[in-house]
1. Which numbered condition in (1) acidic (Asp, Glu); (2) in contact (Cβ under 8 Å) with a residue 40 or more places away in the chain; (3) closer than 22 Å to Leu42 by Cβ is the only one that Glu194 fails?
2. Any chance you could count how many residues in the stretch 188-239 are of a type in the set (Gly, Ala, Ser), buried (at least 17 other Cβ atoms within 10 Å of the Cβ) and over 23 Å from Leu35 (Cα atoms)?
3. Go through Arg27, Arg18 for me and flag whichever is more than 16 Å from Ile97 (Cα to Cα) and either touching a Pro at 6+ places or on another chain (Cβ under 6 Å) or not in a helix (DSSP H, G or I) (or both).
4. Pick from Arg155, Arg94: which is at pLDDT below 95 and closer than 25 Å to Leu239 by Cβ?
5. Is it the case that some residue within the stretch 93-105 is in contact with a strand residue (DSSP E or B) (Cβ under 8 Å, 6 or more places away or on another chain), in a loop (DSSP other than H, G, I, E, B), buried (at least 19 other Cβ atoms within 10 Å of the Cβ) and among the small types (Gly, Ala, Ser)?
6. Any chance you could count how many residues in the stretch 10-45 are at pLDDT 95 or above, out of contact with any Ser or Thr (no Cβ under 8 Å at 6 or more places or on another chain) and of a type in the set (A, V, I, L, M, F, W, C)?
7. Report the residue count in the stretch 102-135 for those that are under 18 Å from the mean Cα position of the chain (by Cα) and either touching a residue at least 60 places away in the same chain (Cβ under 8 Å) or more than 19 Å from Ile165 (Cα to Cα) (or both).
8. Just wondering, is there one or more residues in the stretch 50-64 that are touching a Gly at 6+ places or on another chain (Cβ under 7 Å), part of a loop (DSSP other than H, G, I, E, B), surrounded by 19 or more Cβ atoms within 10 Å (Cβ to Cβ) and touching a residue at least 12 places away in the same chain (Cβ under 8 Å)?
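The values are calculated or read from the model by the stated rules, or taken from the named source; none is laboratory data. Keep in mind that this is a model prediction, so the values were computed, not measured. In this analysis, Cβ positions are derived from the backbone assuming ideal geometry, glycine residues included, and neighbour counts consider all displayed protein chains.
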Amino acid sequence: MCRMIAAVGRFEMKPALRALKQMALNRNPAYDHELRDKGDALQHDCGWGVAYRKGGELTRVRSAVPCFEDDAFDSLAGVETELMILHARRTVARNTIRVENSHPFLAEHDGESWAFCHNGEVRDLSQIPYDSQFVPEGDIDSEPLFFHILSRLDRDRPTESLGEILSAIRDFTAANCFLARRDSVLAGARMDPETPRPRYYRLWQGRGEGFTLVSSEVVAGFDAEWEAVPDRSAVLLAL
């Protein structure tokens with residue numbers, strides 16, 4: 001599946017890039033999960049992407065090249081931002097490896113730009129319908145999930161609403177996701193309750209002085225206290 005990191009506040013991009021690369025290579029020394037023993041056979045090598053705040057708006061960069069082989073990924077180390085979501089993709093459907101299927105995805109809704117990335121697979125797309133205003137760029141499940149969430153999210157109670165939307169999904173491996181606007185990131189945690197890989201599909205929240213992270217794995221490089229994000233829930237990272 002995929003690995004991802006969100007950060008909001010006073011943080012540096014370089015350790016976040018390093019952390020994503022370690023997760024993508026399945027070599028993260030700070031965290032163990034059920035698939036670590038697969039080593040390099042479990043590389044998340046199907047593309048990468050980032051959305052970050054620049055000039056008060058969201059900017060996106062995507063690639064179909066593995067993050068650990070792409071100079072463009074390393075060049076982001078000098079970016080200064082207060083909000084970002086990072087994603088490294090892995091899929092067994094190798095024919096879908098192209099930039100249109102790299103996360104994050106972008107959409108305009110209610111006069112705002114939104115960015116989205118996802119970890120897991122929703123097998124039955126009929127259970128995640130979305131408003132006709134949205135038109136997918138690619139052909140994978142994550143974009144319909146994004147549009148489904150935007151079509152139903154209650155802006156007055158965003159964390160509760162996202163948790164409810166994700167809780168209604170069936171026939172899936174995981175629906176962990178980040179939903180970013182220019183001033184906040186909603187991070188939703190949802191995994192198959194019968195999964196044999198609960199640590200692989202868990203989300204973790206790290207809090208440090210002046211910043212908050214959510215990551216697919218506990219990662220080094222940040223002075224943060226970590227705790228698991230409860231399944232079927234969401235947390236808000238806001239500036």
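1. Glu194 satisfies all of (1) acidic (Asp, Glu); (2) in contact (Cβ under 8 Å) with a residue 40 or more places away in the chain; (3) closer than 22 Å to Leu42 by Cβ except (2).
2. Final tally of qualifying residues: 3.
3. Arg27
4. Residue meeting the stated conditions: Arg155.
5. Within the stretch 93-105, one or more residues are in contact with a strand residue (DSSP E or B) (Cβ under 8 Å, 6 or more places away or on another chain), in a loop (DSSP other than H, G, I, E, B), buried (at least 19 other Cβ atoms within 10 Å of the Cβ) and among the small types (Gly, Ala, Ser).
6. Matching residues across the stretch 10-45 total 9.
7. Qualifying residue count, the stretch 102-135: 13.
8. no
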